[in-house]
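Visitor: Okay, here's the structure, questions in a sec.
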Amino acid sequence: MKKSTLCIDKHFIVGDVDKRIYGSFIEHLGRAVYEGIYHPESPFADERGLRKDVLELIRQLNVPVVRYPGGNFVSGYHWEDGVGPKAERPEKIDLAWNVIETNQFGLNEFMDWTKKADTKPMMAVNLGTRGVDDAKNIVEYCNLKGGSYYSDLRRKHGYENPHDIKLWCLGNEMDGPWQMGHKNALEYGRTAAEAGRIMKMVDPSIELVACGSSALTMDTFGTWEDTVLSECYEQADYLSLHQYYGNRDNNTPEFLANTVAMDEFISSVISICDAVKAKKRSKKSIHLSFDEWNVWYHSNEQDQKLERWCKAPHQLEDIYNFEDALLVAGMMITMLRHADRVKVACLAQLVNVIAPIMTSDTGAWKQTIYYPFELISNYGRGTVLNTVVKAPVYESVHGDAPYLDSVCIMNQEEESLTIFAVNKDLEESMELSCDVRQFTGYQVKEHVVLTHPDVKAMNTEENPSNVAPARTGNAKVTDGILQTVLCDKSFHVIRLSK
Ligand code: AHR
């Protein structure tokens, strides 16, 4: 059996977890909005057409922030089409996803929905086909009290009080040649600086996320971040990262080793942010917003066959398996290990589109990836400890990959310590020990395990708990040493408290 050790000291901390690291994303794409969160024809809809069964599952996930309305969609979007009387809203083509957008759900409906979902908005502006002027108008519509054209328009639409949206994205994936209004780094950096400057003139209390690279593999990675930040350092508060992984070669160890690549991505972006900071002799640090991350590949082939110009098709409907859930847990652990800089992150996406939650006419159900997200979001709040992982490694295309991904989070208020751990070994169990003598009187309260004999096992609407967590762990503290055995291919949540 393999052996591993976690070394922690309650004085050696990475940083406090910003709860927005447990954010998610709803784009006008496929059935995310229509049939996902908004479905007036459904027996599960409330008086506004919002799906109550979906809201219930989202509340259990404890998602503090939701990015909207895109994604690629935002780069061709006219938000004015989605406000005001529904009968007057135009149906338009969406060139990001080759569909018809009915605009029956828009900005105000989204704001109503955020309240019911116990979450806050992260609003993206169109810096693709539109620009600075439009970015100004939407902030005015959302955040000014009244007495101006756009703020009064909102009031006329039935929203007397401002929406007071605090977090804004300056466009989406502007480095991507697929993006409507794609720009080079200098063009985007200048646009982001001017849009950001004017948006903050309208409401100085807002925070802004500038677009970083769409993936670590983009040819422009690095120079993009450097150039963009050199232009908009003063206006930006965060720089975005996006990354999706897929097991296209059906090589599970390589697939699970992607946490190494993600860690490298985060560290590299931090280095670039800090290099620009040094060049500018700035006192301000740019934080990271990992505002699109997930597994995405299962639906790629099927999506090639979609007819153009339909409404809310089944698009990007990945059905996840157990190994995807393990990687999702690993990705969350990786971001938490950088909690001092990763302040916002969005699981892309939330419902029906590469999502933890799926809907049908007969209900809503949980995919495999729902469970690690739910557990980490609910229990991963507090202060991240610098967790030194001593574990065997295996060779991967990303270099040495540890068999164990892990992080410890201390919550002083609740007097608790939580360990998240993924054993990536597909065949062997692993002994884990951790000296917790500093946490006097702490005992294991709960040891939850997510495992399955088959890495390809999936959940379905009929059986949404085929892959589901159970309290089957055996962790215990003896003389101040926590010990347990992590069975092969498994994710663990070990909760200690006084
Ligand atoms: O989340 C799906 C798509 O992935 C988003 O629209 C885009 O930003 C990214 O390429």
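The values are calculated or read from the model by the stated rules, or taken from the named source; none is laboratory data. What you are looking at is a predicted structure, and each value in this text was computed from that prediction instead of being measured. Here the Cβ is made from the backbone with ideal geometry for all residues, glycine too, and neighbour counts use every protein chain on show. SASA here: full protein model, heavy atoms, side chains in, ligands and nucleic acids out. Shrake-Rupley method; radii C 1.70, N 1.55, O 1.52, S 1.80 Å.
Visitor: Leaving out ligands and nucleic acids, and using a 1.4 Å probe, what accessible area per residue does segment 249-365 come to in Å²? Walk me through the intermediate numbers first.
Guide: Numbers: 4130 Å² over 117 residues.
For segment 249-365, the per-residue accessible area is 35 Å².
Visitor: Related question: At 27 angstrom or more along the helix axis (alpha-carbon based) and mean Kyte-Doolittle of 0.5 or higher, what helices does the chain contain? Whole DSSP H runs only.
Guide: 258-279
Visitor: Relative contact order for segment 53-205: what percent, with Cα pairs under 8 Å and sequence separation of 6 or more? Don't jump to the answer; show the numbers that get you there.
Guide: Working: 237 pairs, mean separation 40.1, N = 153.
Here the relative contact order equals 26 percent.
Visitor: Could I ask something else about it? How long, wide and thick is segment 35-90, going by the Cα atoms along their three principal axes, in whole angstroms, largest first?
Guide: Rounded to whole Å, the extents work out to 32, 25, 15 Å.
Visitor: Round to a whole angstrom and tell me the spacing of the C-alpha centers of segment 196-254 and segment 261-276.
Guide: First find each Cα centre; the distance between them is then 11 Å.
Visitor: A further question on this structure: Roughly how many Å² is the accessible area per residue of segment 397-437, as a whole number, for a 1.4 Å probe?
Guide: For segment 397-437, the solvent-accessible area averages 40 Å² per residue.
Visitor: Report, by chain and number, residues whose modeled amide H sits under 5 Å from the one on A364, excluding near sequence neighbours (fewer than 5 apart, same chain).
Guide: Close amide H contacts, sequence-distant or interchain: none at all.
Visitor: Checking the table K283/K445; K10/K284; K156/K283 against a 31 Å threshold on Cα-Cα, which pairs fail?
Guide: K283/K445; K156/K283
Visitor: Now a separate question. Grab the DSSP H runs of the chain that are 4 residues or longer, score each as -39,500 (n - 2.57), total them, divide by all residues and round the 222 nm result to the nearest 500 deg cm²/dmol. Intermediate values should be presented prior to the final figure.
Guide: Numbers: 11 runs with 125 residues, N = 498.
That calculation yields -7500 deg cm²/dmol at 222 nm.
Visitor: Give a residue-ordered list of calculated ³J(HN,Hα) values for segment 214-219 (Karplus: 6.51 cos²θ - 1.76 cosθ + 1.60, θ = phi - 60°; whole Hz; x for Gly, Pro).
Guide: Coupling constants for segment 214-219: 6, 5, 5, 7, 4, 4 Hz.
Visitor: Can you work out the accessible area per residue across segment 84-225, with the rest of the protein chains kept in place, probe 1.4 Å, in square angstrom? Mind dumping the intermediate values first?
Guide: On the way: 5800 Å² over 142 residues.
That works out to 41 Å² per residue.
Visitor: Using the Karplus equation 6.51 cos²θ - 1.76 cosθ + 1.60 (θ = phi - 60°), what ³J(HN,Hα) coupling, rounded to whole Hz, does each residue of segment 298-312 give in order, writing x for Gly and Pro?
Guide: 4, 9, 3, 5, 4, 5, 5, 8, 5, 6, 6, 6, 9, 10, 6
Visitor: Could you please put E140, E427 in sequence from largest to smallest accessible area, using a 1.4 Å probe?
Guide: E427, E140
Visitor: Summarise the accessible area of the chain (1.4 Å probe, protein heavy atoms) by the percent that is carbon and sulfur.
Guide: 49 percent
Visitor: For segment 293-398, report the translational diffusion coefficient in µm²/s to the nearest whole number, using Stokes-Einstein at 4 °C, 1.567 mPa s, and a Kirkwood Rh over Cα pairs.
Guide: 81 µm²/s
Visitor: Just to be sure I understand: of the beta bridges DSSP finds with both ends in the chain, what percent are antiparallel, rounded to 5?
Guide: Counting only bridges with both partners in the chain, antiparallel ones make up about 60 percent.
Visitor: Would you please give the FRET efficiency between E207 and S268, computed as 1/(1 + (r/R0)^6) with r the Cβ-Cβ distance and R0 = 30 Å, to the nearest 0.05?
Guide: 0.85
Visitor: Report, to two decimal places, the Cα Rg of segment 142-199 normalised by 2.2 N^0.38 Å (N = number of residues).
Guide: My calculation over the Cα atoms of segment 142-199 gives 1.48.
Visitor: Give me the Debye-computed log₁₀ of I(q)/I(0) at q = 0.06, 0.10, 0.13 Å⁻¹ for the chain, equal point scatterers on Cα only, no solvent, two decimals.
Guide: -0.27, -0.76, -1.27
Visitor: Now for a different question. In what sequence, highest mean first, do 250-261, 463-474, 304-315 appear when ranked by Cβ atoms within 10 angstrom?
Guide: In decreasing order of mean packing, 250-261, 463-474, 304-315 become 250-261, 463-474, 304-315.
Visitor: Normalised radius of gyration for segment 387-490, please: alpha carbon Rg relative to 2.2 N^0.38 Å, two decimal places.
Guide: Against the compact-globule rule of thumb, the ratio is 1.21.
Visitor: Also, quick follow-up: Whose amide H sits under 5 Å from the amide H of T387, counting only residues 5 or more places off or on another chain, with H placed in the peptide plane?
Guide: Those lying under 5 Å, H to H, from T387 are C408.
Visitor: Normalising by the residue count of segment 227-344, find the relative contact order in percent from Cα pairs under 8 Å and 6+ residues apart. Spell out each step's value before the answer.
Guide: On the way: 113 pairs, mean separation 42.7, N = 118.
Computed value for segment 227-344: 36 percent relative contact order.
Visitor: Next question. Using modelled backbone amide H atoms (1.01 Å from N, in-plane), which distant-in-sequence or interchain residues come within less than 5 Å of A355's amide H?
Guide: Those qualifying (amide H under 5 Å, at least 5 residues apart or on another chain) are D318, Q349.
Visitor: When only Cα pairs under 8 Å and 6 or more residues apart are kept, what is the percent relative contact order across the chain?
Guide: Details: 1163 pairs, mean separation 95.3, N = 498.
Relative contact order comes out at 19 percent.
Visitor: Which whole-angstrom value gives the distance between the alpha carbon centres of segment 343-396 and segment 144-158?
Guide: 38 Å
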